[in-house]
């Protein structure tokens, strides 16, 4: 990790980034000091709810895009009340072991 002091772990809930290879139950490392750029996956607070989405810029506006394999998720516009807590720095997945 580039910024050990600014990185924390978060457990993913849901499948909105399944097409990016991030699955329900994965642990993600979130870098608070990471650069927030279009195309990066971010952890954000939107209307009191925490979400993990892909940050995108279109026509001068910012959005949080889902990358699910199924429909049912909508793009979220980034507003002045949206808080980007950090960018994805890594993923850990527990595998079933018998």
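Here, each number is a calculation from the coordinates, and none is a lab measurement. Keep in mind that what you see is a predicted model, and the values were worked out from it rather than measured. Heads up, the Cβs are rebuilt from the backbone with ideal geometry, glycines too, and the neighbour counts pull from every protein chain shown.
Here are some notes:
- Residues satisfying the stated conditions in region 73-98, i.e. in contact (Cβ under 8 Å) with a residue 60 or more places away in the chain and either loosely packed, with under 10 Cβ neighbours inside 10 Å or within 15 Å of residue 40 (Cα to Cα) (or both): 86, 88, 89, 90, 91, 94
- Per the listing 41, 28, the residue uniquely surrounded by 15 or more Cβ atoms within 10 Å (Cβ to Cβ) and more than 19 Å from residue 63 (Cα to Cα) is 28.
- Matching residues, region 48-65, being closer than 18 Å to residue 12 by Cα and either within 9 Å of the chain's Cα centre (by Cα) or surrounded by fewer than 16 Cβ atoms within 10 Å (Cβ to Cβ) (or both): 48, 49, 50, 51, 52, 53, 54, 55, 64
- Qualifying residue in region 30-38 (condition: at positive phi and within 15 Å of the chain's Cα centre (by Cα)): no
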